[in-house]
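Step one of this worksheet: look at the structure below.
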Amino acid sequence: MSTTTKLAERTGIDRSEVSELLDLLREKGWVKVIRAREEKPILWVLTDEGRKILPPFTADGYDSIGALEAQELALSARDCYLSKGWYFALARQDPELKRKVDCVAYDYERRLAVAVEIESSGHVLHHIEQVKQHMMEISPFEEVHFWAHKEAMEKILELRDRLRPEDQVRVVVFPVPEEFQFQ
């Protein structure tokens, strides 16, 4: 539960804009208003439909991007970005899209759109050219973040080191320890 004022403070968005956004979400059935004994402030809470639009909370919610290793890496990424107050979502895996990413993130402070690539060890070892292509074709994002376990991350870092310095700064890597597993 949260008040409009608290949401405005947490997101850095103007209070009136937050109210407009919450009204839109209420119209869609994603949030509802709770008033305790007709007192102010108005409290907002997610509905069951609203919970469905949140990033998945279990590994199998990320099955569209790969097997168990990729799913667990996606949960690590999700937790990291959300803990920083960023937006995070599983990206649409539409075959018609020119640039398909696994997930997307948005840093509100830097106003930075980020492509998030979840790379299982097998994928990196067998499709290294595709990984390289993801580093080079970042647009429409400003950065691309790679999440992988140690062995795969070493290969990703080798590829990044071959890029021009101005391109290297747009590729961020997140090594996840092998022993880090979600239940």
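The values are calculated or read from the model by the stated rules, or taken from the named source; none is laboratory data. Everything quoted here is computed from the prediction, not taken from an experiment. Don't worry about glycine lacking a Cβ; one is built from the backbone with ideal geometry, like all the others, and counts go over all protein chains shown.
Looking at His145, His134, His149, just one residue is farther than 18 Å from Arg78 by Cβ and out of contact with any Gly (no Cβ under 8 Å at 6 or more places or on another chain), and that residue is His134.
With Pro95, Pro140 as the choices, which residue is over 30 Å from Lys6 (Cα atoms), in contact with a Lys or Arg (Cβ under 8 Å, 6 or more places away or on another chain), at pLDDT below 90 and not aromatic (Phe, Trp, Tyr)? Break it down stepwise before answering.
Details: Pro95 fails: in contact with a Lys or Arg (Cβ under 8 Å, 6 or more places away or on another chain).
Only one candidate qualifies: Pro140.
Condition check for Arg26 on (1) surrounded by 14 or more Cβ atoms within 10 Å (Cβ to Cβ); (2) at pLDDT below 85; (3) part of a strand (DSSP E or B); (4) not polar (S, T, N, Q): one failure, at (3).
The rows are residues; the columns are (1) in the same structural domain as Leu75 (by TED's automatic domain parsing); (2) touching a residue at least 40 places away in the same chain (Cβ under 8 Å); (3) more than 17 Å from the chain's Cα centre (by Cα).
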{"position": "Tyr106", "(1), (2), (3)": "yes, no, no"}
{"position": "Arg110", "(1), (2), (3)": "yes, no, no"}
{"position": "Ala115", "(1), (2), (3)": "yes, no, no"}
{"position": "Glu119", "(1), (2), (3)": "yes, yes, no"}
{"position": "Ser139", "(1), (2), (3)": "yes, yes, no"}
{"position": "Glu142", "(1), (2), (3)": "yes, no, no"}
{"position": "Ile156", "(1), (2), (3)": "yes, no, yes"}
{"position": "Arg160", "(1), (2), (3)": "yes, no, yes"}
{"position": "Arg164", "(1), (2), (3)": "yes, no, yes"}
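Per the conditions (1) more than 16 Å from Ile65 (Cα to Cα); (2) more than 16 Å from the chain's Cα centre (by Cα); (3) crowded, with 19+ Cβ neighbours inside 10 Å, the sole criterion not satisfied by Leu125 is (3).
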